[in-house]
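Read through the structure below, which is laid out as C-alpha cells, and then see the notes.
Nothing in this text is a laboratory measurement; each read-out follows from the coordinates by a stated rule. Since the structure is predicted, the reported quantities are computational estimates derived from the model, not experimental observations. Here Cβ is always computed from backbone atoms with ideal geometry, including for glycine, and neighbour counts include all displayed protein chains.
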C-alpha cells in the first residue's frame, strides 16, 4: 500500500503544482478607470438677469474743453475715401484749420458717416 500512497501523493502534488503554475501565469486583473464626475466647488447660482456693463463713450474732443464751430461753417458728412488732407485740398484749407475748427483731437481719426464742419459748402464726392 505504500506504493499506492506514493502515487497518490505524486498525483496530488502534480495537480497542486499545475494549479499553482496556472495561477502564476494568469495576467493580473486590469482595472478600467472610471470617470468621476467633477463636482463644482462654487455652486452659487446668479439670481436675476445678467447685468450689462456699458462701454465707455469715446469723445471726439477734450472733456474739459468747450468747442464752438466757427460761424458760417457748413456741415459735411464724411464719405468713403475722405481724409482731412483730401478735404482740405479740395476746399483750399489746411488740415490744422479743419482739425481745430471741428475740435478733433487727431486729424487721422475721422470715420465714414461722421459730421464735420467746413468753411465752405462741399458736395459729397466732389
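State whether one or more residues within the stretch 83-100 are touching a residue at least 12 places away in the same chain (Cβ under 8 Å), assigned to a loop (DSSP other than H, G, I, E, B) and under 38 Å from the mean Cα position of the chain (by Cα).
yes
Taking the stretch 103-120 on its own, how many of its residues are in contact with a helix residue (DSSP H, G or I) (Cβ under 9 Å, 6 or more places away or on another chain) and part of a loop (DSSP other than H, G, I, E, B)?
8
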